[in-house]
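Engineer: Structure below; questions to follow.
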Amino acid sequence: MRYQINRVVIILVMILGWSLGLAVTGSINQIGFARLQYDGGGDWYNDPEVLPNLAKHVNSVLNTNFPIDQGTVKASEAKLFDYPFVYLTGHGNIRFSDRETENLRNWLLRGGFLYADDDYGMDEAFRREIKRIFPEYDLLELDASFPLFSCFFDFSSGLPKIHEHDARAPQVFGIFDDAGRLMLLYTYETNISDGWADPETHKDPPEIRETALSFGTNIIYYLIQRK
């Protein structure tokens, strides 16, 4: 009887916690980085080595000890709240369900950070889905005066362009909560994370990879410094 009562209490607590909204509980130092798996047809899984390579580089530069293996999480899962940092990329369509949209919104508002890097072709879908998540917020373009550009390595000349794509100027956008915290970072026409891949993947020269990894280091340093 006591077991049944305890089980009911646990279930009620879980339901109450879900309805009130969970908070991000994981430490980026202990749980590391995760990649967002999504539906819609886009290749969310491409270049699987980029997050492990970024973790190795950040550890070597910042003397941190981030786990090397990346996590994989779906937007609908409760374990999303274990991850303070989640990465999204792809070339094609992105589609979130209503449940995923609500969960992503709650996660971002309660301490999560999403870094999205357009790998060429996801821009329209990404902007559409983000507007569903945050209809009240706009993607604001950030210039080189934003602290992320100079918090560790100096990118005061602006966002570097790693791949040509449409030969347009690279851009970076953010969404901030009402307290001014950066919840979402989106890079466009640069493909920074391609420069985190293994050398043989895209045949990028060492100086391009170093630039890309340095900007990635700034992203992580900015996050850990704001805590």
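Engineer: Would you confirm, using the coordinates I've provided, whether G71 is within 16 Å of the chain's Cα centre (by Cα), surrounded by 14 or more Cβ atoms within 10 Å (Cβ to Cβ) and closer than 24 Å to P199 by Cβ?
Structural biologist: Details: within 16 Å of the chain's Cα centre (by Cα): yes; surrounded by 14 or more Cβ atoms within 10 Å (Cβ to Cβ): yes; closer than 24 Å to P199 by Cβ: no.
No, not satisfied.
Engineer: Here is a follow-up. So in segment 141-162, with the set limited to residues that are assigned to a loop (DSSP other than H, G, I, E, B) and touching a Gly at 6+ places or on another chain (Cβ under 8 Å), which one is surrounded by the most Cβ atoms within 10 Å (Cβ to Cβ)?
Structural biologist: Per the criteria, the residue is I162.
Engineer: Also: Quick test of your reading of the structure: L80 fulfils all but one of (1) over 12 Å from the mean Cα position of the chain (by Cα); (2) more than 18 Å from I219 (Cβ to Cβ); (3) crowded, with 21+ Cβ neighbours inside 10 Å. Name the failing condition by number.
Structural biologist: (1)
Yes or no, residue by residue, for (1) touching a residue at least 24 places away in the same chain (Cβ under 8 Å); (2) within 14 Å of Y38 (Cβ to Cβ):
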residue: R95; (1), (2): yes, yes
residue: L109; (1), (2): yes, no
residue: Y120; (1), (2): yes, no
residue: E124; (1), (2): no, no
residue: R127; (1), (2): no, no
residue: K131; (1), (2): no, no
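Engineer: Quick one: is N103 at pLDDT 95 or above and surrounded by 21 or more Cβ atoms within 10 Å (Cβ to Cβ)?
Structural biologist: Taking the combined requirement at face value, the residue satisfies it.
Engineer: Failed condition for G195, given (1) touching a Lys or Arg at 6+ places or on another chain (Cβ under 7 Å); (2) in a loop (DSSP other than H, G, I, E, B), with all others met?
Structural biologist: The failed condition is (2).
Engineer: Still on this structure: Give the residue that is nearest to the chain's Cα centre (by Cα), with candidates limited to residues of segment 98-128 that are within 19 Å of S27 (Cβ to Cβ) and part of a loop (DSSP other than H, G, I, E, B).
Structural biologist: Ranking the qualifying residues of segment 98-128, first place goes to G112.
Engineer: What are the pairs, 6+ residues apart or on separate chains, where a residue within segment 155-176 that is in contact (Cβ under 8 Å) with a residue 24 or more places away in the chain and over 21 Å from P205 (Cβ atoms) has its Cβ under 6 Å from a residue that is among the polar types (S, T, N, Q) and crowded, with 17+ Cβ neighbours inside 10 Å?
Structural biologist: Correct list of pairs: V172/T187.
Engineer: Restricting the search to segment 172-190, which residues are touching an Asp or Glu at 6+ places or on another chain (Cβ under 6 Å) and of a type outside the set (A, V, I, L, M)?
Structural biologist: Scanning segment 172-190 gives F173, T187, Y188.
Engineer: I want to confirm something. Restricting to segment 47-57 and keeping residues that are touching a residue at least 40 places away in the same chain (Cβ under 8 Å) and surrounded by 15 or more Cβ atoms within 10 Å (Cβ to Cβ), which single residue is farthest from the chain's Cα centre (by Cα)? Break it down into steps so the answer makes sense when it comes.
Structural biologist: Within segment 47-57, the subset touching a residue at least 40 places away in the same chain (Cβ under 8 Å) is 47, 49-51, 53-54, 57.
Cutting the leftovers down to surrounded by 15 or more Cβ atoms within 10 Å (Cβ to Cβ) gives us 47, 50-51, 53-54, 57.
Values: D47: 15, V50: 12, L51: 10, N53: 15, L54: 13, H57: 17 Å.
Step by step, filter segment 47-57, then rank; the result is H57.
Engineer: Restricting to segment 129-138, name every residue that is under 19 Å from Q171 (Cα atoms) and over 17 Å from the mean Cα position of the chain (by Cα).
Structural biologist: Of everything in segment 129-138, those that are under 19 Å from Q171 (Cα atoms) and over 17 Å from the mean Cα position of the chain (by Cα) turn out to be Y137, D138.
Engineer: Let me ask another. Report, by residue number, each residue of segment 19-30 that is buried (at least 17 other Cβ atoms within 10 Å of the Cβ) and either touching a Gly at 6+ places or on another chain (Cβ under 7 Å) or modelled with pLDDT of 95 or more (or both).
Structural biologist: Residue satisfying the conditions is V24 alone.
Engineer: Run S60 past the list (1) assigned to a helix (DSSP H, G or I); (2) surrounded by 15 or more Cβ atoms within 10 Å (Cβ to Cβ) and report the number of the one that doesn't hold.
Structural biologist: Result: S60 passes all but (2).
Engineer: For segment 166-181, name all the residues that are part of a loop (DSSP other than H, G, I, E, B) and within 19 Å of L213 (Cα to Cα).
Structural biologist: If the condition is that a residue be part of a loop (DSSP other than H, G, I, E, B) and within 19 Å of L213 (Cα to Cα), then P170 is the only one that fits.
Engineer: Here's a follow-up. Could you list all residues from segment 63-97 that are part of a loop (DSSP other than H, G, I, E, B) and among the acidic types (D, E)?
Structural biologist: Those that are part of a loop (DSSP other than H, G, I, E, B) and among the acidic types (D, E): D69, E77.
The values are calculated or read from the model by the stated rules, or taken from the named source; none is laboratory data. Fair warning: this is a prediction, and the values are worked out from it, not measured in the lab. Virtual Cβ from ideal backbone geometry, glycine too; neighbours counted across all protein chains shown.
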